[in-house]
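The values are calculated or read from the model by the stated rules, or taken from the named source; none is laboratory data. Since this is a predicted model, take the numbers as computed values, not measurements. Glycine gets a Cβ as well: all are built from the backbone with ideal geometry, and neighbour counts include every protein chain shown. The area values use the complete protein model at the heavy-atom level, side chains included, leaving out ligands, DNA and RNA. Shrake-Rupley method; radii C 1.70, N 1.55, O 1.52, S 1.80 Å.
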Amino acid sequence: MEKLIEKALKMIEPNMIVSFGGGRTVGRLIKSIDTSKISVASPSEQTRNLCQSLNIPVMPLEQINQFDLAFDGCDSLDSQLNVLKSNGGIHTFERLYANLAKRYIIMAPQTRYTEKLNPQVQLTLEVLDMAIPQVLDEVSMLGGNAETRQSQDMAGMVRTPNGNGLVDCHFDDWDNIDLINSRLSQMTGVLGTSYFKNVVTDALLATDDDVKHIKKEDL
């Protein structure tokens with residue numbers, strides 16, 4: 001992953017405003033940057049805590065009109081650079097930051113890059129509690145299976161930073177994910193989904209000995 005970090009570092013220039021998502025790879029990137037020359041923001045509490053421990057100032061989102069770059073990870077990435085960002089559970093916040101980025105850059109192992117999205121990775125929804133039964137029923141009607149994400153540390157559901165529940169939706173494949181995502185995202189009480197379509201501009205993919213850089217405009 002060292003070459004992946006090096007490739008990302010070359011994209012960052014002085015005076016840029018840069019968003020950093022969550023995860024270990026992004027954390028390693030932050031530790032490698034001279035942050036005195038850039039402005040930093042993050043949708044991830046974990047990353048903000050890391051920045052605090054390193055005495056790196058973090059800008060609140062409401063003070064930012066646009067990011068020059070936004071770095072993030074994903075759980076699955078297809079050949080058109082559409083992604084599922086399901087496991088972290090903060091996709092609603094991540095999408096707010098991604099929407100303001102000139103370049104939204106996914107950093108991932110090449111194994112996560114496939115022709116179609118990996119059906120073993122679920123579509124995750126952030127849902128108001130009272131809407132969860134209706135969402136579960138709708139997923140079933142669409143031919144899938146869904147369950148609320150349960151905490152491994154304590155009894156009850158996993159909660160997002162907004163205090164809402166997470167619903168994990170499983171289908172045999174993602175051939176119809178655009179329709180599925182559209183139907184579910186339009187339901188009252190669904191705040192956000194983990195499917196990011198036509199948002200990613202770049203993918204930095206780590207192989208065993210190199211880094212592949214895929215740009216949306218080259219597809």
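Side notes on the structure shown:
- Region 38-64 residues that are open to solvent by less than 80 Å² (accessible area, probe 1.4 Å), paired with ones that are of a type in the set (D, E, K, R) and modelled with pLDDT of 95 or more (beta carbon under 6 Å, 6 or more apart): Ser42/Arg48; Pro43/Glu94; Val58/Arg48
- Checked against (1) over 24 Å from Asn82 (Cα atoms); (2) surrounded by 13 or more Cβ atoms within 10 Å (Cβ to Cβ), Gln152 meets all criteria but (2).
- Residue match in region 71-84 (condition: under 14 Å from Ile17 (Cβ atoms) and surrounded by 23 or more Cβ atoms within 10 Å (Cβ to Cβ)): yes
- Among the candidates Leu50, Leu77, residue that is in contact with a strand residue (DSSP E or B) (Cβ under 7 Å, 6 or more places away or on another chain) and at pLDDT 95 or above: Leu77
- Helices (runs of 4 or more DSSP H) fully within region 1-117 counting 3 or more residues that are hydrophobic (A, V, I, L, M, F, W, C): 2-11, 24-32, 91-98
- Tallying residues that are surrounded by fewer than 15 Cβ atoms within 10 Å (Cβ to Cβ) and under 16 Å from Ser185 (Cα atoms) within region 88-133 yields 4.
- All positions within region 159-188 that are aliphatic (A, V, I, L, M) and open to solvent by 70 Å² or more (accessible area, probe 1.4 Å): Leu179
- When Leu191, Leu142 are checked against the criterion of being open to solvent by less than 70 Å² (accessible area, probe 1.4 Å) and either touching a residue at least 24 places away in the same chain (Cβ under 8 Å) or in contact with a helix residue (DSSP H, G or I) (Cβ under 8 Å, 6 or more places away or on another chain) (or both), Leu142 stands alone in meeting it.
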